[in-house]
Amino acid sequence: MNDALANRDKEYKYGFVTDVETEKFPKGVNEDVVRAISKRKEEPDFLLEFRLKAFRWWQEQTPPHWAHVEFPPIDFQDIHYYAAPKSMADAPQSLDDVDPELLRTFDRLGVPLHERERLAGVAVDAVFDSVSVGTTHQDILAEMGVIFCSFSEAARKHPELIKRYLGTVVPPRDNFYAALNSAVFSDGSFVFIPKGVHCPIDLSTYFRINASNTGQFERTLIVAEEGASVSYVEGCTAPMRDENQLHAAIVELIALDDASIKYSTVQNWYGGDENGRGGIYNFVVKRGRCEGARSKISWTQVEAGSAITWKYPSVILKGDDSVGEFYSVALTNNKMQADTGTKMVHIGKNTSSTIISKGISCDGSRNSYRGLVKVTPGADNARNYSQCDSMLVGSDCEANTFPYLEINNQSAVIEHEATTSRISDDQLFYLQSRGLDSEEAISLLVNGFCKDVFKTLPLEFSVEAVKLLEMKLEDSVG
Amino acid sequence: MLKIRELKARVVDGPEILKGINLDVNAGEIHAVMGPNGSGKSTLSRVLAGHPDYEVTGGAVTFEINREAQDLLAMEAHERARAGMFLAFQYPVEVPGVSNTVFLRAAFNAICRAQGVPPVDAFDFRDLLTEKLALIGMDDSYLERPVNLDFSGGEKKRNEILQMAILAPRLAILDETDSGLDVDSLRIVSEGVKQLSTPHNATLMITHYQRMLQYITPDFVHVLMDGQIVKSGDHTLAEAVETRGYDWVKDAA
Ligand SMILES: Nc1ncnc2c1ncn2[C@@H]1O[C@H](COP(=O)(O)OP(=O)(O)OP(=O)(O)O)[C@@H](O)[C@H]1O
Ligand SMILES: [Mg+2]
């Protein structure tokens, strides 16, 4: 490795490439590729139909451009739509059969699968490029009737559930990238919590992009039946490459009566170098539907990576008395761009939503909050509280807030607060004059700024999130 | 402990404010610095603490660390703090989002680490806080509030002294800690500062009035005018300044 690469490696410690033999489909997408993906995954016919319909619609669309981000047009025929380590071809039955090189990759990423297998507390599904390499704790979860497996496995083993719920929250024609994902999605996780079950451990998926020139199109579906609850965590990294890689995922959450789903993300895809070269385009559709009465869906995201982040985890509050929450920290540095926020759509009666968004922009980055609160005519007594704060570190960065309100019911109570602050030299000097160096001072200020969001994360992930932000800030302040 | 020689400084790209300061401070001493508005008292304190807005244009300052005189001006602000220097600000800064406790513990542990002392855990630190709060008559409702945010003027001043009590500096520079305090607060804070003073540390108090000096008798009083120390003496000089004014000092100098 040359010096420049070695240096960059220090900045983004997940930037290594795993040397495994990879099977890739040829570049480009057409109906044959869609069929081949479905075949490789031995999917039932209805899924192939689902994919093809989405693909045909997608072909007629043009990419959207309304977000406050800039990037050259993506050549969708210059991407591999399927990549998998060769060793995964004959589906390993347990972790013991998984290629040790893959297991070592997840060790280096801080997600040791074998160890996690023995640890109580968190079950992990690890996705490497287009396939899941292993899911831990499946046995104990199965005893309670909880299904937690890769999406491909679910399509084979639980087709009736997939057929019933897939695409019901994010229909394939929702938007350009949703259609593309619906056509070519590779792997992801499926979670089903049956009636009355409180999932005793956190479920988590770890996504890793390894192969070059490859898009990742994962698909996650979480269903919590009446009275069920689950906490789910997602983490992601990718090697550093000079090219931009597309990640276009869909996450759908469905909560029936009295169910609750908490979905947390710590996103650290490679964000490109200080000149804006390379990095992941993170274009993701995440949406949950509070289908049942008194159901609750809560999104927490810590977005610290990706060259471009373009996502709005949303909640459709259909059930009466349902609750939607969105807690977000988005940190951008170097030349990263983020346009992120949420949509809260109030449909049922007495629904309430909370939005807490903290944007931190450093260096020459651009960070925008975009959020919609919509109250439909039948949504009596809807309540929303939104707080959107931006913090600027340095002088070349940009922070924007785009709040949209569509209120069609007089009984709604909507509160919105927004602040923009800059870490002032006087604050820094004050903290330094008490013995904190500039990194410690900034991390104290930033952690203070983000604490309302961090406290909603499961404990070990909040520790990780704090460390992640500190690492990113070191580069920007240092 | 502290030796200032012919110190000259200005705001970066601005006019010279300090025009040749000479001052020696030894362990166990309490010094008071008085002077008219705009004479350069706060500037002196900020230059000593390492504020980046100021540029030293001449002179030298040494600070004794482990019995060796070190070039203070070569050190960064946080290094000076870790070496035992403390500045109580004339206008304490608000730090939203960061609670007093979190801030104090981070600072305390940063200094401990630098001095090779093991950091304390949250429980032991709490005990230390309780003890020091009592010393300066604050109740613990301030601990969970963001640092100085929406504190009254007097509360901010007290909070500075709480920090001083926790961080236990060898050299404390108090910039007009007495202004903004009501009579009772002034007495309590002054008694606190007095108790914190030992043969091993030193205090440099910047003040306009005799008031605080009635509780804490300074060993030396200096009068700073137009960027220079024009007169030094014992505590009686403070009384003379208060009754006769600075014109008298100028004439006498
Ligand atoms: N950052 C700055 N930019 C411009 N001028 C400054 C700055 N800091 C200090 N000065 C100027 O330097 C002079 C000395 O200011 P300083 O704050 O040291 O006075 P002081 O003796 O503390 O006065 P006071 O008794 O009013 O607190 C003043 O004329 C002030 O306006
Ligand atoms: Mg002053």
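The values are calculated or read from the model by the stated rules, or taken from the named source; none is laboratory data. Since we're looking at a predicted model, the values are computed, not measured. Reconstructed Cβ throughout: ideal geometry from the backbone, glycine too, with neighbour counts over all protein chains shown. Quick note on the areas: whole protein, heavy atoms, side chains included, nothing else; ligands and nucleic acids left out. Shrake-Rupley method; radii C 1.70, N 1.55, O 1.52, S 1.80 Å.
Find the relative contact order for segment A:188-343 and round it to a whole percent, using C-alpha pairs within less than 8 Å whose residues are 6+ positions apart. Present the calculation step by step, with values, prior to reporting the outcome.
On the way: 499 pairs, mean separation 30.7, N = 156.
The value is 20 percent.
Let me check I've understood the local charge: for A:Leu459, count other residues with C-beta under 14 angstrom from its C-beta, Lys and Arg +1, Asp and Glu -1. What total comes out?
Numbers: positive: A:Lys262, A:Lys451, A:Lys455, A:Lys467; negative: A:Asp202, A:Glu460, A:Glu464.
Its environment carries a net charge of +1.
As a test of the definition: with a 1.4 Å probe, what buried accessible area, both sides summed, do you compute for B against A, in Å² to the nearest 100? Walk me through the intermediate numbers first.
Working: alone 11970 and 19020 Å², together 29080 Å².
Looking at B and A, the buried total is near 1900 Å².
For A:Lys53, give me every one of the lysines with a C-alpha distance below 29 angstrom, ignoring sequence neighbours fewer than eight places off in its own chain.
Once the sequence-local lysines are set aside, what remains near A:Lys53 is A:Lys24, A:Lys27, A:Lys39, A:Lys41, A:Lys157, A:Lys163, A:Lys286, A:Lys311, A:Lys318, A:Lys343.
Among residues other than B:Lys19 whose Cβ falls under 9 Å from its Cβ, what is the net charge (Lys/Arg +1, Asp/Glu -1)? Walk me through the numbers on the way to the answer.
Values: positive: B:Lys8; negative: B:Glu16, B:Asp226.
Surrounding charge for B:Lys19 is -1.
Can you give the three extents of the C-alpha atoms in segment A:231-303 along their principal axes, from longest to shortest, in whole Å?
For segment A:231-303, the Cα extents along the three principal axes come out at 49, 16, 15 Å.
Calculate how large, on average over all directions, the projected area of the Cα convex hull of the protein assembly as shown is; give the answer in nm² to one decimal.
On the way: hull surface 142.6 nm².
The directionally averaged projection comes out at 35.7 nm².
Quick check on the protein assembly as shown: helices-only [θ] at 222 nm, where DSSP H runs of length 4 and up contribute -39,500 (n - 2.57) each and the sum goes over total residues. Nearest 500, please. Can you show the working numbers first?
Working: 20 runs with 212 residues, N = 731.
Roughly -8500 deg cm²/dmol at 222 nm, from the helical runs in the protein assembly as shown.
Could you report the protein assembly as shown's accessible area per residue, 1.4 Å probe, as an integer in Å²? Let's see the in-between values first.
On the way: 29080 Å² over 731 residues.
Dividing the accessible area of the protein assembly as shown by its residue count gives 40 Å².
Just to confirm my numbers, what's the Cα centroid distance between segment A:307-334 and segment B:44-95 in Å?
For segment A:307-334 versus segment B:44-95, the Cα centre distance is 45 Å.
With every protein chain left in place and a probe of 1.4 Å, what is the accessible surface of B:Val11, to the nearest 10 Å²?
Accessible area, nearest 10 Å²: 60 Å².
What average count of beta carbons from other chains do you get within 10 Å of the Cβ of residues in B:80-93?
Numbers: counts 3, 7, 4, 1, 1, 2, 3, 4, 1, 4, 0, 2, 1, 8.
Per residue, the average neighbour count from other chains is 3.
Of all DSSP beta bridges in chain B, what percent run antiparallel (nearest 5)?
Details: 26 of 43 bridges.
Roughly 60 percent of the DSSP beta bridges within chain B come out antiparallel.
Would you grab the residues whose amide H sits under 5 Å from the one on A:Val302? Only those 5+ places off in sequence or on another chain, please, with H modelled 1.01 Å from N.
Residues meeting the criterion, in which the H sits 1.01 Å from N, are A:Thr265, A:Val266, A:Gln267, A:Val329.
Express the Stokes-Einstein translational diffusion coefficient of segment B:185-235 in µm² s⁻¹, to the nearest whole number, given a Kirkwood radius over alpha-carbon pairs, 25 °C and a viscosity of 0.890 mPa s. Don't skip to the answer; put the middle values down first.
Working: Rh = 12.1 Å.
It diffuses with D of about 203 µm²/s by this estimate.
Ranked from highest to lowest mean number of other Cβ atoms within 10 Å per residue, what is the order of the peptides A:179-186, A:353-360? Write out the running numbers ahead of the final one.
On the way: A:179-186: 26.8, A:353-360: 24.4.
Peptide ranking by packing, descending: A:179-186, A:353-360.
Treating only the Cβ atoms of Lys and Arg (+1) and Asp and Glu (-1) as charged, compute the dipole magnitude of segment A:136-185 about its Cα centre; round to the nearest 20 debye. Please list the in-between numbers first.
Values: 5 positive and 5 negative charges, 51 e Å.
Dipole size: approximately 240 debye.
I need the phi-derived Karplus couplings for segment A:28-34: 6.51 cos²θ - 1.76 cosθ + 1.60, θ = phi - 60°, integer Hz, Gly and Pro marked x.
Here the 3J(HN,Hα) series is x, 9, 7, 4, 5, 4, 4 Hz.
Please report the net charge: other residues with Cβ closer than 13 Å to the Cβ of A:Tyr327, K and R +1, D and E -1. Working shown, then result.
Details: positive: A:Lys262, A:Lys358, A:Lys451, A:Lys455; negative: A:Glu303, A:Glu325, A:Asp389, A:Asp452.
After counting each charged neighbour, the total is 0.
Treating the beta-carbon of each Lys and Arg as +1 and of each Asp and Glu as -1, no other charges, what is the dipole magnitude of the protein assembly as shown about its Cα centre, to the nearest 20 debye? Write out the running numbers ahead of the final one.
Details: 74 positive and 105 negative charges, 185 e Å.
I would put it at about 880 debye.
What average count of beta carbons from other chains do you get within 10 Å of the Cβ of residues in B:110-117? If you can, show how the numbers build up before the last one.
On the way: counts 8, 3, 1, 1, 2, 1, 0, 0.
Mean shielding by partner chains, rounded to a whole number: 2.
Give, as ranges by residue number, the residues of segment B:167-187 whose backbone N falls under 18 Å from the point 7 Å along Cα→Cβ of B:Gln70.
Only B:167-173 pass the distance filter.
Report relative contact order for segment B:76-155 in percent, whole number only (criteria: Cα-Cα under 8 Å, sequence separation at least 6).
On the way: 52 pairs, mean separation 37.3, N = 80.
It rounds to 47 percent for segment B:76-155.
To the nearest 10 degrees, how steep is helix B:100-114 against the longest Cα principal axis of chain B, on a 0 to 90 scale?
70
Taking θ as phi - 60°, what are the ³J(HN,Hα) couplings along segment B:127-140 by the Karplus curve (6.51, -1.76, 1.60), each to the nearest whole Hz, with x for Gly and Pro?
With coefficients 6.51, -1.76 and 1.60, one gets 4, 4, 4, 4, 5, 6, 4, 4, 4, 10, x, 10, 9, 7 Hz.
Just tell me how shielded A:420-431 is by partners: mean number of partner chain Cβ atoms within 10 Å of each residue's Cβ, no decimals. Present the calculation step by step, with values, prior to reporting the outcome.
Details: counts 0, 2, 0, 0, 3, 3, 7, 6, 4, 11, 13, 11.
Counting other chains' Cβ atoms within 10 Å and averaging over A:420-431 gives 5.
Using amide H atoms built 1.01 Å from N in the peptide plane, name the residues 5+ places from A:Ser411, or on other chains, whose amide H lies under 5 Å from its own.
Amide H neighbours of A:Ser411: A:Asn381.
Write out the trypsin sites (Lys or Arg not before Pro) in segment B:1-102 meeting two conditions: DSSP loop, and at most 14 other Cβ atoms within 10 Å of their Cβ. Please report the intermediate quantities before stating the final value.
Working: sites: B:Lys3, B:Arg5, B:Lys8, B:Arg10, B:Lys19, B:Lys41, B:Arg46, B:Arg67, B:Arg80, B:Arg82; in loops: B:Arg67.
Here the sparse-neighbourhood loop sites are B:Arg67.
With an 8 Å Cα cut-off and a minimum separation of 6 or more residues, compute the relative contact order for chain B in percent.
Details: 454 pairs, mean separation 67.6, N = 253.
Averaging sequence separation for qualifying contacts and normalising by length gives 27 percent for chain B.
Count the lysine pairs in chain B that are 8 or more places apart or on different chains: how many have C-alpha atoms under 25 angstrom apart?
The number of close lysine pairs in chain B is 24.
Compare the peptides A:410-422, A:263-275 by average per-residue count of other Cβ atoms within 10 angstrom and give them in order, highest first.
Details: A:410-422: 13.0, A:263-275: 22.6.
So the peptides A:410-422, A:263-275, ranked by packing, come out A:263-275, A:410-422.
Where is the GNM fluctuation largest for chain B (alpha-carbon springs, 10 angstrom cutoff): B:Asn109, B:Asn66, B:Asn37?
Comparing B:Asn109, B:Asn66, B:Asn37 in the GNM, the peak value goes to B:Asn66.
If you take the charge dipole of the protein assembly as shown about its Cα centre, with +1 on Lys and Arg Cβ and -1 on Asp and Glu Cβ, which of A:Ala307, B:Asn148, A:Leu469 is farthest toward its positive end?
In the protein assembly as shown, that residue is A:Ala307.
Using a 1.4 Å probe on the protein chains only, how many percent of the accessible area of the protein assembly as shown belongs to carbon and sulfur?
Details: 13940 of 29080 Å².
Summing carbon and sulfur atoms, their accessible area is 48 percent of the total for the protein assembly as shown.
Between segment B:130-185 and segment A:360-424, what is the separation of their alpha carbon centroids in Å?
So the two Cα centres are separated by 36 Å.
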